[in-house]
Amino acid sequence: MTGATARRSPLDRHHARFAAATRASGGAVRLAEFPFLTQLSVRLDPQGPAGDAVGPALGLQLPLEPNTLVRAGELAALWLGPDEWLVVGPPEGGHDLRARLRAASENPAVSVVDVSAQRTTLLVGGARSRDVLARGCSLDLHPRSFGAGRCAQTNLARTQVVLAARDADKPGFWVLVRSSFAGYLGDWLLDAATEYTTPDP
């Protein structure tokens, strides 16, 4: 047998169920997977020369305020710790993004690691997205506390995730979950959204 094996996302078998739930909710909840996004773990001293060099290479400045994110075009940088960020971009841009970062930060104290295979990305959108997540997340997700530009490492349905709020004009959240837990979390989200996807008797 010849030819490369087709790449399958961790939630490949959930796509039809997500689409059906989204339709059934009438827009109240939107569930979808955005697989294979480029995800780079970047660790450096933000006060050092590498911190100054990485911003221009990315076209955005790494956020310094805890639990915030910065977007520029198709890229986003999420604060994970005082010296750690997760840079997320489109699937096809991974090689170029890694090359730019490594060229800009030729310093042994800087770490750039491709962690794209570790997680997949879920969209939980719609007017009821906050209510769905609140069933399994202890964070206060009200826009006053967790609005656009905010992110956090937290637990959702007893699963470690990185949660990021979407832009203010697009209600909802991005949920980055480890691939090995993606199926479980996908099932949990479908169950948590049942109230909004089941027709009234």
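Values for this structure:
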| quantity | calculated |
| --- | --- |
| Pairs where the first residue, in the stretch 52-69, is more than 19 Å from Ala152 (Cβ to Cβ) and the second is open to solvent by 70 Å² or more (accessible area, probe 1.4 Å) and assigned to a loop (DSSP other than H, G, I, E, B), C-beta under 6 Å, 6+ apart | Gly55/Gln61 |
| Those helices (runs of 4 or more DSSP H) lying entirely in the stretch 125-201 with at least 3 residues loosely packed, with under 15 Cβ neighbours inside 10 Å and more than 15 Å from the chain's Cα centre (by Cα) | 179-192 |
| Unique residue being polar (S, T, N, Q), farther than 30 Å from Ala193 by Cβ and in contact (Cβ under 8 Å) with a residue 24 or more places away in the chain when the list is Ser41, Ser25, Ser9 | Ser41 |
| Number of positions in the stretch 1-56 that are under 19 Å from Ala117 (Cα atoms), assigned to a helix (DSSP H, G or I) and open to solvent by 100 Å² or more (accessible area, probe 1.4 Å) | 1 |
| Positions within the stretch 44-74 being more than 24 Å from Ala165 (Cβ to Cβ) and touching a strand residue (DSSP E or B) at 6+ places or on another chain (Cβ under 9 Å), in sequence order | Leu44 |
| Residue within the stretch 95-118 that is in a loop (DSSP other than H, G, I, E, B) and at pLDDT 85 or above present | yes |
| Members of the stretch 64-123 found to be polar (S, T, N, Q) and open to solvent by 50 Å² or more (accessible area, probe 1.4 Å), listed by number | Asn67, Asn107, Gln118 |
| Unmet requirement for Ser116, which otherwise passes all of (1) touching a residue at least 24 places away in the same chain (Cβ under 8 Å); (2) closer than 23 Å to Asp169 by Cα; (3) within 12 Å of the chain's Cα centre (by Cα) | (2) |
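The values are calculated or read from the model by the stated rules, or taken from the named source; none is laboratory data. None of the values given here were measured: they were computed from a predicted structure. Please note: Cβ atoms are built from the backbone with ideal geometry, for glycine as well, and neighbour counts cover all protein chains shown. Note: accessible area is taken over every heavy atom of the protein model, side chains too, but ligands, DNA and RNA are not part of it. Shrake-Rupley method; radii C 1.70, N 1.55, O 1.52, S 1.80 Å.
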